[in-house]
C-alpha cells in the first residue's frame, strides 16, 4: 500500500472551469415556457449571485475563498491510494490508483460543493437554505456546511429513505439541520401531493419541488443543489486538481480515468482537469470513462437533448443526455446514481467524444466491491463500487494484453450507511435490474421538441 | 483547522514497551488454582509465541515487522488535529489537539493490534482465530486483519448486539469472518448456558468463554483479545509514538494528555510514550488523565487487587483496578467502556501516581460530543466522546485561569455505527446511570484474597 498525501498548504487555490476550454460553448438552459435562454436574473430568487456568476463564468480558473479552503483543510487534500493488494489479487501488470473522498466528515465528495455553496450564501446574508436529499449524502453534507457558516438548514428527505435510513437523518440532525419526511404539509406542493395520495413513499422529484417552493416563498431562504449544475461541478474540480498534483509528485500520469456518474459532479470534478489535457494539451489518447448502472443508463442509452432537470418539471430545460424526466429507474442500492439526466458539461464532453460510458448490473458491481473491501480494506458506497468494477475490468484487460497501464478511479465515498445493501448481496438478494429499450424510448418520446 | 500529517515512511519502526521503564516490575498474572505466576508455556494453547514473548518482554523497543507496517500504511500515520473551531467556541486560551484513529477501515484504533496479532498467528501457521465481540469494534478489526493475512476468523458476538447492531455484523462478514450470535450451540459452554436459559441475551463474559473454548479445543485455532493484555497495549503505542513525532514537528509538547478507558489499550497506547517522559525524562508535571463512565468507574471507584480478566472466571488472575468480575455495568451507549477491570500496566501506573482518572455521566458526555461534532465535523463514538468531555473541561479550566496550556486527547474512533445513541440523546432518552458504593463494594467483596 502506498498513499500519496499532499501537505494541506497544497490544497489548490483555484477551481478549474472547463467552460473556458470548450471548443464550442455549452447550450444554455432554457425557460421551459418561452424557450429562451435563462439569464442570471432568473436564478436570483433561489441562488446567491456568487454562485450564479460561477454558473455562467467563462474564466478558466476561479479563486477558492480562503474561508472555504480553511474548511477543506478538515479532510483535504484527500489521499490518492495505490491499490497494490487489489493489483496482486488480479495478477495485473496495470497500476491501479484511487482518489479517496470517504475521508470527509459526511463521508463523500459532496461537501466539496456544500461548503462552497454555504459560504457564498453566508456572504450574501442568506439565513436559511432548503434542499432535498434522497439517500442522505447531499443533505448531510449541506447540514455539515451550513452548521459551520451559521446558516439554518432544512432538508426535505424522501419519505422512504427517511424511514429506511434513520442514521442519515440523525447525521443531519447532529449538524443542526431540520429534517422532514417529504412530502410534508409545510409546502403547497407537498399538501397537494398528500391530498391526492396520503400514502405516497415520496420521490426525489417531489422533495426538489418542496425545497424549491420553500426557497422561492421565503425571503431569507435560498435553495441548494448537490450535483448537475455548472457551479457544483466547478467546486468538485478540487478532486481532479489534487489528483494531478499527486501524480506529478510520483512522476506518473494516468492512461485511464474512471468514475461513477449519478448527476455527474464527482466524476466531472475528478476528470475535467484531465479532460483539459485532451482538449488543449498533449494527451489525446487518455481514456476517460463514466460508469453508470444498467438500471439508469443515462449516458449509454439516453438521448442528447433538452429536458427538465427535475422529474416534476419545475426547473429550466437543460441540454443533456436524458432518459426522460418521467423515467423512474429501478430501486437499486446505488441511490445516488438514480438520475434521469446528467451534468450538461459532462454530457457535452461525452457527446463531443472526449469521454465514453459503460453500464453494469448490480451484482457484478457488488462482486467488485467485495474484492476491493477484502484487498484494500475500505468499505465503499454502492455508487463508488461502480467505478471499482470498471477499474477492475480495465485491469483485467491489461492483464490479457500484458499492458502496464495506469488506471485511476474516483472513489466517491464510504459505505458505512449502506451495509444493509452488502448484507443483501451476501444473502443473494440483489436483483439485476435493467429497462427495456421500449420503456426508455417511451419516456424520451414524451419530451417536447425544442 | 490545522492537521499535522506525517509521511508514511515516518510510521514508527518499533513499538514502545513501558515494562522496561517501570521502577518496580508488574505483578505477574497468577494461575487461579495454584496462585502461582503463569509462565509463557501456560499460554501456548491459545496464543502464538511471538505474542507471548511480547507479553512478558522487558525490552524497551520491539521492532514492528515490515509486513505489519505495510498494512499500517493503509491509514497510518493517523492525523493529529488542532481543534481550532472548538477552541473558539469555548473561548479558551488553551490549544486543543486530538489524535484521530477514526481513519482506519474498521473506524477505530483496534486494528493497530489486530493486524499485529493476525500477523504473528500467520507466521506460526495458525489457520483460524476465534474471538468475541460486544458492540463489534474489536470483531470487525480482527476480521479486517485476518482477511489480509489469509487466516479464517470466527467471531462470537454478544446476542443483544448481534440483534441490535446488524451493520457491525455485516462489516465483519464483508471482511470474510463467520459471525455467530453468542451463546451458540457450537461450544459446550454455549450449550450449557442455553440449556439453563434459552432466552439469554448473552454477555461479553459468555462470548469470551465460547471463543476461548473454541481455541483451546481446535488444534488449528488460536484466541485473540482486543485490549487489557500487555502485548495489545504494546501494539497501540504506535499512537503515542506518532503523536510525539507530530508534536516535535510543530515544536510543541502537551501539558495534558487525555483518553477514554475501557480495557485501556487506546489510552495506554496514546499516553505511555509520554508517561516515559514522566518516569525517566524531564516532564514531571505532565498531566495524564483517564476518562471513564460513572456507570463503570473502574479506576475512580474500584480496588487495586487480583481479579479474573473475564466475567466468567476462565482467565488467569490479573493485578488491576477492578469493580469485581461479577459487576455488571449499566447499559450505557459506550459499550466499549463497560469492563470491570483495566489493563494491568495502566492500573499500575495509575496506582504509582503517574496518571489520574475522572468519570462522567452519559448526558454530559453526549453534550460534549455534540459540541465537537458541530465545531470539528467528525462524529465521534460514544467511547471517544468521554475524552472529548474531559478535554473540554480542561480547556474551560484554562479559560478561568487564563492559561495557554496544550491539551491533547486520544480520539479513538468514529460513531457511524452509533447514530442511534445520538438520536436517543437528541430525544432526551439518555439516562445518567451510576452505581451505589454498596453495589460496587459487594461485587469486590466476593473476590478471594490473594
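Okay, here's what the table says:
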read-out	value
Any hit, the stretch B:394-416, residues being assigned to a helix (DSSP H, G or I), within 14 Å of another protein chain (Cβ to nearest Cβ) and more than 15 Å from residue B:293 (Cβ to Cβ)	no
Verdict on residue A:421 being within 14 Å of chain B (Cβ to nearest Cβ), surrounded by 22 or more Cβ atoms within 10 Å (Cβ to Cβ) and either without any contact (Cβ under 8 Å) to a residue 60 or more places away in the chain or not in a loop (DSSP other than H, G, I, E, B) (or both)	yes
Residues of the stretch B:158-172 classified as part of a helix (DSSP H, G or I) and in contact (Cβ under 8 Å) with a residue 24 or more places away in the chain, total	9
Top-ranked residue of the stretch B:143-161 - restricted to ones that are more than 24 Å from residue B:125 (Cβ to Cβ) and surrounded by 23 or more Cβ atoms within 10 Å (Cβ to Cβ), ranked as farthest from the other protein chains (Cβ to nearest Cβ)	B:158
Single unsatisfied condition, residue A:127 versus (1) surrounded by fewer than 20 Cβ atoms within 10 Å (Cβ to Cβ); (2) touching a helix residue (DSSP H, G or I) at 6+ places or on another chain (Cβ under 8 Å)	(2)
Hits in the stretch B:414-450 - residues which are in contact with a strand residue (DSSP E or B) (Cβ under 6 Å, 6 or more places away or on another chain) and under 18 Å from residue B:297 (Cβ atoms)	B:444, B:447
Subset tally (residues that are at pLDDT below 90 and within 14 Å of chain B (Cβ to nearest Cβ)) for the stretch A:424-445	0
Close pairs (7 angstrom Cβ cut-off, 6 or more residues apart or separate chains): at pLDDT below 90 in the stretch A:180-204, part of a helix (DSSP H, G or I) and buried (at least 21 other Cβ atoms within 10 Å of the Cβ) anywhere	A:200/A:193
Flag for residue B:344 being surrounded by fewer than 21 Cβ atoms within 10 Å (Cβ to Cβ) and within 17 Å of the chain's Cα centre (by Cα)	no
Criterion: within 18 Å of residue A:238 (Cα to Cα), away from chain B (no Cβ under 14 Å), touching a helix residue (DSSP H, G or I) at 6+ places or on another chain (Cβ under 7 Å) and surrounded by fewer than 15 Cβ atoms within 10 Å (Cβ to Cβ) - qualifying residue of A:58, A:54	A:58
Qualifying residue in the stretch A:74-82 (condition: within 14 Å of chain B (Cβ to nearest Cβ), at pLDDT 95 or above, buried (at least 16 other Cβ atoms within 10 Å of the Cβ) and over 22 Å from residue A:236 (Cβ atoms))	yes
The stretch A:373-383 - residue that is over 22 Å from residue A:287 (Cα atoms) and more than 10 Å from chain B (Cβ to nearest Cβ) and, of those, surrounded by the most Cβ atoms within 10 Å (Cβ to Cβ)	A:381
Answer residue from the stretch B:27-49, given it is in contact with a helix residue (DSSP H, G or I) (Cβ under 6 Å, 6 or more places away or on another chain) and surrounded by 18 or more Cβ atoms within 10 Å (Cβ to Cβ) and is nearest to residue B:237 (Cα to Cα) among those	B:48
Residues of the stretch A:162-172 that turn out to be surrounded by fewer than 24 Cβ atoms within 10 Å (Cβ to Cβ) and in contact with a strand residue (DSSP E or B) (Cβ under 6 Å, 6 or more places away or on another chain), as a count	1
Single match in B:13, B:2 (criterion: farther than 19 Å from residue B:225 by Cα, surrounded by fewer than 20 Cβ atoms within 10 Å (Cβ to Cβ) and within 14 Å of another protein chain (Cβ to nearest Cβ))	B:2
Residue list for the stretch A:347-370, restricted to those being in contact with a strand residue (DSSP E or B) (Cβ under 6 Å, 6 or more places away or on another chain) and crowded, with 24+ Cβ neighbours inside 10 Å	A:347, A:355, A:369
Pairs, first within 26 Å of residue A:24 (Cβ to Cβ) in the stretch A:46-58, second outside any helix (DSSP H, G or I) and at pLDDT 95 or above, C-beta under 6 Å, six or more apart	A:57/A:17
Yes/no for residue B:128 being modelled with pLDDT of 95 or more and touching a strand residue (DSSP E or B) at 6+ places or on another chain (Cβ under 9 Å)	yes
Flag for residue B:134 being buried (at least 18 other Cβ atoms within 10 Å of the Cβ), modelled with pLDDT under 95, within 21 Å of residue B:261 (Cα to Cα) and away from every other protein chain (no Cβ under 11 Å)	yes
Boolean, residue A:119 is crowded, with 20+ Cβ neighbours inside 10 Å and assigned to a helix (DSSP H, G or I)	yes
Looking only at the stretch B:173-187, and only at residues there that are more than 12 Å from every other protein chain (Cβ to nearest Cβ) and in contact with a helix residue (DSSP H, G or I) (Cβ under 7 Å, 6 or more places away or on another chain), the one that is surrounded by the fewest Cβ atoms within 10 Å (Cβ to Cβ)	B:185
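The values are calculated or read from the model by the stated rules, or taken from the named source; none is laboratory data. For clarity, every value in this text was computed on a predicted model and none was experimentally measured. Ideal geometry is used to build each Cβ from the backbone, glycine not excepted, and the neighbour counts take in all protein chains shown.
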